[in-house]
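Student: This is the structure I want to talk about, given as structure tokens.
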Amino acid sequence: MFLKRTFPVNCYLVEEDQELTLIDAALPYSAKKILRTAKEIGKPITKVILTHGHGDHVGSLDHVKELLPNVTVYISKRDAKLLAGDRALESDEPQTPIRGGVPKGIKTKPDVLIQEGDQIGSLIAISTPGHTPGSMSFFDARTNAMIVGDAFQIRGGIAVAGQMRWAFPFPAMATWNKELALESARKIEAYDPSCLAVGHGKPLMNPLNQIRHAINKAEKNIQKID
């Protein structure tokens, strides 16, 4: 976790038998700490998976790639456009503006464009759009842990993407489409994860009741708007 007090940003190292998979690349100065942690674990990072294309999740990607030139980089086909700095919407998407910090000047190009159901080591890719059009979550088939990027936040109180928590408003302010975010939250709920690991806030163990509470609150808020 980086900037614990003001703007906590998480990335995760998922341990496989012989290697590590890095999920998200945090803020621009994070690379050395990420590599130092991997060294403490004693396994090489061979893959970098990005949950979505916002700057606080891809910030150190170029530096990680520079230090580990052989890593394979994964992102959804849709959010590969965001990674390249392209905010344009596709014709079949809700025409609400993409929000949040879309990076500028990222040099690293993804090696693999992932989609629903792809398996990367022990992780299964799940399409969870809403925070961004191409947001993805990753379900660990061994432990039932779910790494969801910003599909939920825990910092400031658990919430579905797009639902304001004034103690930490930034994920809501950066969410593209609240309705799709709610659908994705329900999809995550159906997996009954043993752990909910998010981009902002500490991982939550046995989270199902709190996930349901957050979903119920989001449903009521969206109904009020409608």
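Student: Whole Å is fine, so just give me how far the alpha carbon centre of the range 1-79 lies from that of the range 107-131.
Tutor: After rounding, the separation between the Cα centres reads 14 Å.
Student: Once you list every other residue whose beta carbon is under 15 Å from the beta carbon of residue 152, what net charge do they have if Lys and Arg are +1 and Asp and Glu are -1? Don't skip to the end; give the middle numbers.
Tutor: Working: positive: 155, 165, 178, 186, 187, 202, 212, 217; negative: 24, 150, 183, 189, 192, 219.
Every neighbour counted, the sum reads +2.
Student: Accessible area per residue for the range 155-226 in Å², computed with a 1.4 Å probe and the full protein assembly in place, what is it? Mind showing how you got there, number by number?
Tutor: Values: 3690 Å² over 72 residues.
Averaged over the residues of the range 155-226, the accessible area is 51 Å².
Student: Compute the angle between helix 31-41 and the longest alpha-carbon principal axis of the chain, please, reported from 0 to 90 degrees and rounded to the nearest 10.
Tutor: 70
Student: Now, a different point. By its C-alpha gyration tensor, with a ≥ b ≥ c as the square roots of the eigenvalues, how is the range 159-226 shaped: rounded for a/c under 1.5, else prolate for a/b larger than b/c, else oblate? Don't skip to the end; give the middle numbers.
Tutor: Numbers: a/c = 1.85, a/b = 1.28, b/c = 1.44.
Cα axes put the range 159-226 in the oblate bin.
Student: Quick check: residue separation of residue 72 and residue 119 times 0.36 nm, minus the Cα distance between them. What number comes out in nm?
Tutor: Details: separation 47, 0.36 × 47 = 16.92 nm, distance 1.40 nm.
Extending this stretch completely gives an extra 15.5 nm.
Student: Once the other residues with Cβ under 14 Å from the Cβ of residue 86 are scored (Lys, Arg +1; Asp, Glu -1), what is the net sum? Can you show the working numbers first?
Tutor: Values: positive: 77, 78, 81, 87, 104, 109; negative: 79, 90, 93.
Here the count lands on +3.
Student: If you take every residue apart from residue 47 with its C-beta less than 11 Å away from the C-beta of residue 47, what net charge results, scoring Lys and Arg +1 and Asp and Glu -1?
Tutor: Details: positive: none; negative: 16, 19, 111.
It works out to a net charge of -3.
Student: Here's a follow-up. Counting only chymotrypsin sites (Phe, Trp or Tyr not before Pro) that are in a DSSP loop and have at most 12 other C-beta atoms within 10 Å, tell me the longest site-free stretch of the chain.
Tutor: On the way: sites that count: 29, 166.
Answer from the scan: 30-165.
Student: Where does the Debye-calculated log10 I(q)/I(0) of the chain sit at q = 0.09, 0.13, 0.14, 0.18 Å⁻¹, using only Cα point scatterers of equal weight, no solvent?
Tutor: Per q value, in the given order, log10 I(q)/I(0) is -0.32, -0.69, -0.81, -1.39.
Student: Please figure out what share of the DSSP beta bridges in the chain is antiparallel and state it in percent, rounded to the nearest 5.
Tutor: The antiparallel fraction comes to roughly 60 percent.
Student: Still on this structure, please answer the following. Using a Förster distance of 41 Å, how high is the FRET efficiency between residue 222 and residue 84, based on the Cβ-Cβ distance and rounded to 0.05?
Tutor: Details: r = 31 Å, r/R0 = 0.76.
The formula returns an efficiency of 0.85 here.
Student: Output wanted: per-residue J couplings in Hz (rounded whole) for the range 127-134, from phi through Karplus 6.51 cos²θ - 1.76 cosθ + 1.60, θ = phi - 60°, x for Gly and Pro.
Tutor: Once rounded to whole Hz, the list reads 6, 9, x, x, 4, 10, x, x.
Student: Also, quick follow-up: Before rounding to the nearest 500, sum -39500 (n - 2.57) across all DSSP H runs of length at least 4 in the chain and divide by the residue total; then give [θ] at 222 nm in deg cm²/dmol.
Tutor: Working: 7 runs with 64 residues, N = 226.
Computed ellipticity for the chain at 222 nm equals -8000 deg cm²/dmol.
Student: Keeping the other protein chains in place, figure out the carbon and sulfur percent of the accessible area of the chain, with a 1.4 Å probe. Working shown, then result.
Tutor: Working: 5540 of 10640 Å².
Taking all protein chains in place, the chain shows 52 percent carbon and sulfur surface.
Student: Relative to the compact-globule scaling 2.2 N^0.38 Å, provide the ratio for the alpha-carbon radius of gyration of the range 56-104.
Tutor: Numbers: Rg = 12.9 Å, N = 49, 2.2 N^0.38 = 9.7 Å.
Here the answer is 1.34, to two decimals.
Student: Using mean Cβ contacts within 10 Å as the protection proxy, how do 86-92, 99-105 order, highest first?
Tutor: So the order, starting with the most tightly packed, is 99-105, 86-92.
Student: Where does helix 208-225 land angle-wise versus the long Cα axis of the chain, in degrees 0 to 90, nearest 10?
Tutor: Tilt of helix 208-225: around 50 degrees.
Student: When the Karplus curve 6.51 cos²θ - 1.76 cosθ + 1.60 is applied with θ = phi - 60°, which whole-Hz ³J(HN,Hα) does each residue of the range 15-28 get, with x for Gly and Pro?
Tutor: With coefficients 6.51, -1.76 and 1.60, one gets 8, 9, 4, 10, 8, 10, 10, 8, 9, 6, 10, 6, 8, x Hz.
The values are calculated or read from the model by the stated rules, or taken from the named source; none is laboratory data. Please read all numbers here as calculations on a predicted model, not as lab measurements. Cβ: placed from backbone, ideal geometry, glycine included. Neighbour counts: every protein chain shown. Surface areas here come from the heavy atoms of the whole protein model, side chains and all, with no ligands, DNA or RNA. Shrake-Rupley method; radii C 1.70, N 1.55, O 1.52, S 1.80 Å.
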